[in-house]
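Comments concern the structure below.
Bear in mind that the values in this text are calculations on the coordinates, not laboratory data. Because the structure is predicted, anything quoted here is derived from the model rather than measured. Cβ coordinates were reconstructed from backbone atoms using ideal geometry, including for glycine residues, and neighbour counts include every protein chain displayed.
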Amino acid sequence: MHRRRRTALLLSAAIAAAAPLLTACGSDAHPGAAAVVGDDRITVAQLENRVNEVRAAQRAASKDDSQYQQAVAQTSALTRNTLNGMVLEKVLDQALKDAGVTVTRKEVQQYRSGLETEAGGAEALEAAYLQRYSVAPEQLDESLRSDVEVQKLAAALGADLNSPQGGEVFWKALSAASEKLDVDLNPRYGSWGVDKTSGRVGLLEAKTPWVKEVTGAGSQQSA
C-alpha cells in the first residue's frame, strides 16, 4: 500500500513471534470485562460486537457460503486480534496525551480522502481494509484515526518508523503508556505485557491494522 500507510504500520509480525513477556496481567476481578485499561473497561459484549461487525461484512462481501467460510478460516484469531487492537488504541491515546499530541477530525478526513483516491473510491477502500486488515466498514474511521495518531506520535518523538531505531523509540513510548494504564486482561484471551528483550507491548500472537513490522516489508494482517 502507499508509503504513508506503511509508515503508520508497526511491528505486528514481531508481536506474533514475541518471546515470553516480562509482565503479564489478567484476572477475574472484573466480571464481564475482556480487559480493563486504566479507568476504562472493554466489555466482552463490546468485543463481540466488533467481531460480529467484521463477520457480517465478510459475509456480505462473499459470493457464497464457501467463500465466507474461507474468510472465517483465514481470520480464525479475529477475537484476540480485535481485543489487541482495542487495548492498543487506548494505550496509543495515553501515549499521545503524554506527548502532548492531538489529532483532529479534519486530519482523519483528509487522510481518508487521500486513501480513497488511491484505492479508487470509498467502497474500494472499505473492501481493501476488510480483506487485508479485518476492519469492518463501521470501524474504518477509527482505524484510520489510529493511523494518523501513529504518524503524529512518531513525528513528535522524532522516530522514523521505517528504521529499527525509530520503532524502538515508538514502542518505548507505548510501553510506558501501557505500564501507566496497568492493563488487566481477561486470561481467557491470553497474556498482555512487555517483551523483556524488544520492549514491544501487546497481546501475545495478536495483530492490529496499524501495527506492523517496520524492518523490511512486513507481513499483512491475516487474522
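Along segment 53-68 the Karplus relation, 6.51 cos²θ - 1.76 cosθ + 1.60 evaluated at θ = phi - 60°, assigns HN-Hα couplings of 5, 5, 4, 5, 5, 5, 5, 5, 8, 8, 6, 7, 5, 5, 5, 5 Hz to successive residues, with x for each Gly and Pro. Cβ crowding within 10 Å, taken as a proxy for footprinting-reagent exposure, orders D184, D65 from fewest neighbours to most as D65, D184.
Annotation: peptides 51-59, 174-182, 102-110, ranked by per-residue average of other Cβ atoms within 10 Å with the highest first, follow the order 174-182, 51-59, 102-110. Taking a sphere under 15 Å around the Cβ of K97 and counting the other residues whose Cβ falls inside, with K and R at +1 and D and E at -1, yields a net charge of -3. Set the Förster distance to 25 Å, then compute FRET efficiency between T104 and A45 from the Cβ-Cβ distance, nearest 0.05. According to the calculation, E is roughly 0.25.
The stretch between A56 and E142, if pulled fully straight at 0.36 nm per residue, gains 29.2 nm over its current Cα-Cα span.
Using only the Cα atoms, what convex hull volume per residue in Å³ does segment 28-182 have? If you can, show how the numbers build up before the last one.
Values: hull volume 20.5 nm³, N = 155.
It comes to 132 Å³ per residue, whole-number rounded.
Charge dipole (Cα centre; +1 on Lys/Arg Cβ, -1 on Asp/Glu Cβ; no other charges) of segment 68-190 amounts to roughly 180 debye.
Rg and Dmax of segment 30-106, based on Cα coordinates, read 15.9, 48 Å.
Let me know the whole percent of all Cα-Cα pairs from segment 109-205 that are separated by more than 17 Å. Can you show the working numbers first?
Numbers: 2950 of 4656 pairs.
Counting every Cα pair in segment 109-205, those more than 17 Å apart make up 63 percent.
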